[in-house]
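Take a look at the structure below.
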Amino acid sequence: MDTLILLSLCLLSWRGIQGQHDNSTKVMDNMLGHKISLPCDVYSHDDSSTPTLQWFYKKNENPTVIYTSGPSGTTIEESDMKSRVNVNKHMHLVIEHTKVEDEKLFTCRVVDQNGKVKESNVHLRVYKAPDDPEIKMEENGIQITDEAVQIGECETKNGYPAPNITWYRNNTQLKTGKDGVVVTNQITVKSNGLITFKSVLSSPVYKTDIYSTFYCEVSYHLSNGAFMKESDRKNITVDYPNTEVKLFVKSQHEIIKEGDKVQLMCMGNGHPQPQITLFRKDEEEPLVEDFLYSWTVSRNDSGGYICKGLSMDDFNEMEAETELHVHYLDPPVLSEKSPFIVELGSVHSVSCHANASAHTDIHWTQDGSTIATGSDLSLRFLDYTDAGRYACVASITGVPGLTQTQELLVILKGKPQVTVSPQHVEVQDGDRLTVKCTAVGNPTPKITWYINGTKVDADVANVSDSEVISELSFLVTQNHLNGRISCKAENEINSSMEYIQLQKSKSDNILYHSNNGTMVPLRWCHIYISIHLGEIHSTLFNLNANRKGNSIHAACIASAPFCRENDYGRKGLRKSSTKNKRRLIEHLVNVFSITPLNGLFRY
């Protein structure tokens with residue numbers, strides 16, 4: 001059974017007395033559980049006789065023999081150490097698995113044949129490092145006091161010899177007798193000899209101790225030096241009276257708006273906290289009988305709130321008040337309803353207003369792009385591109401995230417708007433001409449083509465609900481020269497018409513141009529092919545053009561394997577068939593990007 005011993009100078013002086021030896025005593029240190037060999041300094045191997053040798057220790061002033069060796073033989077005597085001891089050839093006493101109880105004075109005695117006695121002493125000291133210290137502070141609140149009250153305990157177990165414990169507050173050592181501090185130490189010795197050391201700290205408690213940190217330090221010695229271990233750092237709870245309460249409004253946003261999560265928190269300035277009740281101002285029913293109230297706010301939650309606190313120590317009543325302002329913004333209201341149907345060419349004004357907790361900033365967007373600021377928007381619908389989605393965007397300055405939008409779909413109705421391409425073109429008899437007409441309108445228009453007043457058919461494609469594109473392609477005849485092409489677009493509202501003027505070309509030559517911008521007038525294109533290794537090299541319209549009468553002779557060195565000797569030889573296009581001329585010119589047009597300015601060829 002463990003024995004409780006009050007710490008005193010007795011325990012410390014006990015080991016000190018054991019350590020006081022004459023000059024013939026050797027001191028040896030060993031860790032608990034380790035093996036050690038104790039020498040016999042008075043034994044000599046050179047002694048030819050067989051002396052009598054004994055190892056013994058004193059217990060209760062009576063010697064206890066461990067080992068005897070002499071002329072009559074060797075004997076390990078009965079003792080509490082018999083199972084753990086032996087003597088080697090040097091007559092050293094070997095102890096296995098050292099225990100705390102092995103810390104004592106061992107004597108080696110040698111008696112020669114003449115009866116002369118020699119002795120040598122070995123004092124064995126045993127060490128064991130203590131466990132890490134465990135600190136435990138008072139869990140209940142401690143009233144402020146000028147007298148020393150117990151505030152904590154520090155304990156370390158399974159050490160030997162007894163360690164020492166030192167207390168610290170905020171890294172400053174606490175000593176008995178200084179500033180009212182009292183430290184009481186206790187030792188418990190277990191049945192195996194190991195020591196549990198407990199230190200109790202008592203001290204005056206001040207209000208500043210609510211921020212104080214306490215810890216203990218265990219210092220101890222081993223065979224190889226001095227060591228130290230520190231405990232965890234802990235605080236104490238200090239009780240002191242509440243003199244007032246404070247009420248706080250907490251939110252994730254500095255400025256509160258509808259939909260925000262808000263907390264009302266009321267705290268006293270003492271400990272323990274007073275009994276708290278939260279109220280809406282001018283209302284008798286409490287919101288909650290607690291220090292905290294959380295909810296998602298709306299505009300109706302704006303107003304005053306009250307916290308009432310009651311100290312349970314002295315029944316002191318305290319009160320605090322605060323104001324909550326919740327910003328709000330309703331969806332904007334427009335003067336026109338969506339969809340807003342207007343006529344092409346009309347002028348309208350649309351206004352936007354929003355009910356809000358503060359001044360609103362308003363701007364207008366069309367298809368996502370800002371087009372105006374202010375409450376009123378003036379619109380002139382001159383083109384079908386003015387139709388689309390308009391939006392009034394309202395916000396409150398200084399309240400991030402509080403924005404409302406109202407959309408207005410504008411539908412534009414009116415007669416078609418027509419564009420043609422080209423508007424003027426020079427042509428020759430036999431040319432193939434392609435022209436385009438685009439019409440935009442609501443309702444969707446229908447396109448009709450006329451050449452010199454005569455209706456003709458053409459391809460029509462709908463790009464969207466309001467846009468139609470049509471292409472007309474035809475072969476120019478003498479009847480078309482200096483004539484007019486008409487594109488008529490009509491819907492249920494009205495019709496519009498645009499014209500393309502055809503003009504007879506003043507020259508028989510037709511203008512061609514290459515991709516590098518070179519322009520060459522050609523009527524009958526006499527192209528002579530230079531053949532080199534059966535292939536055509538260089539680029540068309542790297543030309544040397546010379547006018548001879550009404551013709552242009554172009555020396556052409558092409559870069560594609562088109563012409564062969566057996567196709568054209570060194571004959572010009574003048575002697576080639578019409579089919580061959582067409583093939584060659586179409587090939588040159590495709591390969592070298594030769595494009596007639598008016599889209600026509602002449603062979």
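The values are calculated or read from the model by the stated rules, or taken from the named source; none is laboratory data. Just so you know, these numbers come straight off a predicted model, no measurement behind them. Cβ sites come from the backbone with ideal geometry, for glycine too, and all protein chains shown count toward neighbours. Heads up: the accessible areas ignore ligands, DNA and RNA and are worked out on the full protein's heavy atoms, side chains in. Shrake-Rupley method; radii C 1.70, N 1.55, O 1.52, S 1.80 Å.
Of note:
- In the range 251-262 there is no residue matching the filter, namely being in a strand (DSSP E or B) and under 14 Å from MET318 (Cβ atoms).
- Number of residues in the range 464-473 that are touching a residue at least 24 places away in the same chain (Cβ under 8 Å) and outside any strand (DSSP E or B): the value is 1.
- Note on the range 426-445: among residues that are among the aliphatic types (A, V, I, L, M) and out of contact with any Gly (no Cβ under 9 Å at 6 or more places or on another chain), the one that is farthest from ASN494 (Cα to Cα) is VAL427.
- Residue tally, condition touching a residue at least 60 places away in the same chain (Cβ under 8 Å), open to solvent by 40 Å² or more (accessible area, probe 1.4 Å), more than 16 Å from GLN54 (Cα to Cα) and not in a strand (DSSP E or B), over the range 100-157: 6
- Checking the stated criteria, LYS455 turns out to be surrounded by fewer than 18 Cβ atoms within 10 Å (Cβ to Cβ), in a strand (DSSP E or B) and over 60 Å from the mean Cα position of the chain (by Cα).
- Residue match in the range 268-286 (condition: within 37 Å of the chain's Cα centre (by Cα), open to solvent by 60 Å² or more (accessible area, probe 1.4 Å) and either closer than 30 Å to ASP330 by Cα or in contact (Cβ under 8 Å) with a residue 12 or more places away in the chain (or both)): no
- Among the residues of the range 221-248, those that are of a type in the set (A, V, I, L, M, F, W, C), open to solvent by less than 50 Å² (accessible area, probe 1.4 Å) and within 38 Å of the chain's Cα centre (by Cα) comprise ILE236, LEU247.
- Among the residues listed as ILE493, ILE485, the single one being on the phi < 0 side of the Ramachandran plot and open to solvent by 30 Å² or more (accessible area, probe 1.4 Å): ILE493
- Residues that are open to solvent by less than 70 Å² (accessible area, probe 1.4 Å) and in contact with a helix residue (DSSP H, G or I) (Cβ under 7 Å, 6 or more places away or on another chain) were ranked within the range 161-210; the one that is farthest from VAL238 (Cα to Cα) is GLY193.
- Within the range 249-262, being open to solvent by 60 Å² or more (accessible area, probe 1.4 Å) and not charged (D, E, K, R) holds for GLN252, HIS253, ILE255.
- Hits in the range 211-220 - residues which are more than 38 Å from the chain's Cα centre (by Cα) and surrounded by fewer than 14 Cβ atoms within 10 Å (Cβ to Cβ): SER219
- Candidates VAL468, VAL456, VAL463, VAL420, filtered to the one that is over 18 Å from VAL347 (Cα atoms) and touching a Leu at 6+ places or on another chain (Cβ under 8 Å): VAL456
- Across the range 387-436, the number of residues qualifying as in a strand (DSSP E or B), within 30 Å of PRO339 (Cα to Cα) and either open to solvent by less than 60 Å² (accessible area, probe 1.4 Å) or touching a Phe, Trp or Tyr at 6+ places or on another chain (Cβ under 9 Å) (or both) comes to 19.
- Qualifying residue in the range 197-208 (condition: at negative phi, of a type in the set (Val, Ile, Thr) and out of contact with any strand residue (DSSP E or B) (no Cβ under 8 Å at 6 or more places or on another chain)): yes
- First in the range 74-87 and in contact (Cβ under 8 Å) with a residue 12 or more places away in the chain, second anywhere and surrounded by 16 or more Cβ atoms within 10 Å (Cβ to Cβ) and in a helix (DSSP H, G or I), Cβ under 9 Å, 6 or more apart: MET81/ASP102; ARG84/ASP102
- Residues of the range 313-367 satisfying the condition of being crowded, with 16+ Cβ neighbours inside 10 Å, small (Gly, Ala, Ser) and in a strand (DSSP E or B): ALA320, ALA356
- Residues (assigned to a strand (DSSP E or B) and surrounded by 14 or more Cβ atoms within 10 Å (Cβ to Cβ)) located in the range 47-69: THR52, LEU53, GLN54, TRP55, PHE56, TYR57, THR64, VAL65, ILE66, TYR67, THR68, SER69
- Residues of the range 320-339 satisfying the condition of being among the charged types (D, E, K, R) and farther than 17 Å from THR397 by Cβ: GLU321, GLU323, GLU336, LYS337
- Restricted to the range 34-46, and to residues there that are open to solvent by 40 Å² or more (accessible area, probe 1.4 Å) and either at pLDDT 95 or above or of a type outside the set (S, T, N, Q) (or both), the residue that is nearest to VAL126 (Cα to Cα) is HIS34.
- Test: residue in the range 67-74 that is within 60 Å of the chain's Cα centre (by Cα) and not acidic (Asp, Glu): no
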